[in-house]
Amino acid sequence: MALDINARRNLETDFMKEMINEEIIVLDHKDCVEILRNYKNIFDFRGVISLIWWADKLAHYAFNDDDIPWIISMHGCYEMLLKYPDIDKYFEENVEKMLNRANKVVYTAEKNKEILEKYNLLDNPKVLKIDNGFLLENYPKKLRSELGISDNDFVFGLVARAIKEKGYIEAIEAINIVNSKLDKKAHLILVGGSEFINELKIKYSSNQYIHFIDEFTEPMEWIGWEELFDVGLLPSYFKSESLPTVIVEYLYLGKPVIATDIAEI
């Protein structure tokens, strides 16, 4: 049995919750520190894995004085917080204690080592690098005709967490430049949903070459859209970028990639 808790409740979506295996208990964020402690006593936890700074902080609150094995898996937040500590006042006061308390610290990108070097942990045997990957399971097939795109049209595509810093605006500006110079127009498929994307949808509603996919009904659905791309994009300037799995997905599907040269991209 596994317990799951979202340490950043504002990013939660019903679709993502529906993808969680039914054998996993999803905890409510409210009063989650006490809930975690109670569940540990009930189910006799064998270990805790935290996957982002805010989850690391939650685990620290709940289990700092406990001997339960704890793995911190870094995803770029620590470098951002080093540069902008005001984002979370808890960071500077507690980060060294947290890194020392954890039984294992896993990182994916070379830039993640900045915090480890600061606290002389880089050569500690509990620190290890594990690259991101994914297991390609069944995914729903998509058709270009669903978007009014012919098989002969050229298609660029971007799949990412739907935030500005992943380069959605830059991708749109690029496709507009391309289409202003060529007689045969290219299409751009943008996959991801958020309030930011809703604003872009309104702004570019009259552009027949830009297609927004912001709703999903099936697990791995975005892979089906990636399969339709001729070129995968990730013009990211996200400060916490590390080793984006979407690049792995593009390459696995045999798609050439245009991306920014940051982190491990």
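The values are calculated or read from the model by the stated rules, or taken from the named source; none is laboratory data. Being a predicted model, the structure only gives us computed values, none of them experimental. So basically every Cβ, Gly included, is an ideal-geometry build from the backbone, and we count neighbours across all protein chains shown. All accessible areas refer to the heavy atoms of the entire protein, side chains included, with ligands and DNA or RNA removed. Shrake-Rupley method; radii C 1.70, N 1.55, O 1.52, S 1.80 Å.
Rg and Dmax of the stretch 187-226, Cα atoms, in Å?
When restricted to the Cα atoms of the stretch 187-226, Rg and Dmax are 10.6, 30 Å.
Let me know the charge dipole size of the stretch 119-265 about its Cα centre in debye, to the nearest 20, where only the beta-carbon of Lys, Arg (+1) and Asp, Glu (-1) is charged.
The calculation lands at about 240 debye.
Could you tell me the relative contact order of the chain? Use alpha-carbon pairs under 8 Å, at least six residues apart, and round to a whole percent.
17 percent
Given a 1.4 angstrom probe, I'd like the percentage of the accessible area of the stretch 155-200 that is carbon and sulfur, rounded to a whole number.
After summing per-atom areas, the C and S share lands at 54 percent.
Given R₀ = 25 Å, FRET efficiency for residue 178-residue 217 by Cβ-Cβ distance, to 0.05?
Taking R0 as 25 Å, the efficiency between residue 178 and residue 217 is 0.20.
Quick check: the angle from helix 168-181's long axis to the longest principal axis of the chain, C-alpha only, nearest 10 degrees?
20 degrees
Compute log10 of I(q)/I(0) for the stretch 49-181 with the Debye formula, placing one identical point scatterer on every Cα and leaving out solvent, at q = 0.16, 0.22 Å⁻¹, to two decimals.
Rounded to two decimals, the profile gives -0.90, -1.37.
Taking a cut-off of 22 Å, what percent of all Cα-Cα pairs in the chain are separated by more than that?
When all Cα pairs of the chain are counted, 62 percent exceed 22 Å.
Rounded, prolate or oblate: which fits the stretch 173-244 when a ≥ b ≥ c are the square roots of the eigenvalues of the alpha-carbon gyration tensor, with rounded for a/c under 1.5 and prolate only if a/b beats b/c?
Rounded is the answer for the stretch 173-244, as its axis ratio a/c remains below 1.5.
When the Karplus curve 6.51 cos²θ - 1.76 cosθ + 1.60 is applied with θ = phi - 60°, which whole-Hz ³J(HN,Hα) does each residue of the stretch 134-140 get, with x for Gly and Pro?
8, 9, 7, 9, 4, 9, x
Skipping prolines and chain starts, which residues have an amide H placed within reach, meaning under 5 Å, of the one on residue 70, given they are 5 or more residues away or on another chain?
For residue 70, the qualifying residues are 48, 103, 104.
Between 0 and 90 degrees, rounded to the nearest ten: what's the tilt of helix 53-63 against the longest Cα principal axis of the chain?
So the helix axis and the longest Cα principal axis differ by about 20 degrees.
To the nearest 20 debye, what charge dipole does the stretch 183-265 have about its Cα centre, counting +1 at the Cβ of each Lys and Arg and -1 at the Cβ of each Asp and Glu?
So the dipole magnitude of the stretch 183-265 works out to roughly 340 debye.
In whole Hz, what ³J(HN,Hα) sequence does the stretch 255-262 give by Karplus (6.51, -1.76, 1.60; θ = phi - 60°), x for Gly and Pro?
3J(HN,Hα) across the stretch 255-262, in whole Hz: 9, x, 10, 10, 8, 6, 9, 10.
Label residue 34 and residue 208 with points 7 Å out from Cα along Cα→Cβ: what is the distance between them in nm?
6.0 nm
Compute the distance from the alpha-carbon center of the stretch 81-97 to that of the stretch 206-240, in whole Å.
Centre-to-centre distance over Cα atoms comes out at 33 Å.
What's the FRET efficiency of residue 169 with residue 68 using the Cβ-Cβ distance as r and R₀ = 41 Å, to the nearest 0.05?
0.40
Between residue 141 and residue 21, what FRET efficiency follows from the Cβ-Cβ distance if R0 is 22 Å, with the result rounded to 0.05?
Calculated transfer efficiency: 0.40.
Using only helices, what value at 222 nm comes out for the chain when you add -39,500 (n - 2.57) per DSSP H run of length 4 or more and divide by the total residues, to the nearest 500 deg cm²/dmol?
Helix-only estimate at 222 nm: -9500 deg cm²/dmol.
Dipole of the stretch 183-226, Cα-centred, from +1 at each Lys and Arg C-beta and -1 at each Asp and Glu C-beta, to the nearest 20 debye?
320 debye
Please check: in the Gaussian network model of the chain (C-alpha springs, under 10 Å), which one of 72, 52, 169 has the largest mean-square fluctuation.
Its mean-square fluctuation being the largest, the pick is 169.
Of 257, 178, 33, which is farthest on the positive side of the dipole of the chain, counting Cα position, with +1 on Lys and Arg Cβ, -1 on Asp and Glu Cβ, and the Cα centre as origin?
Of the listed residues, the answer is 178.
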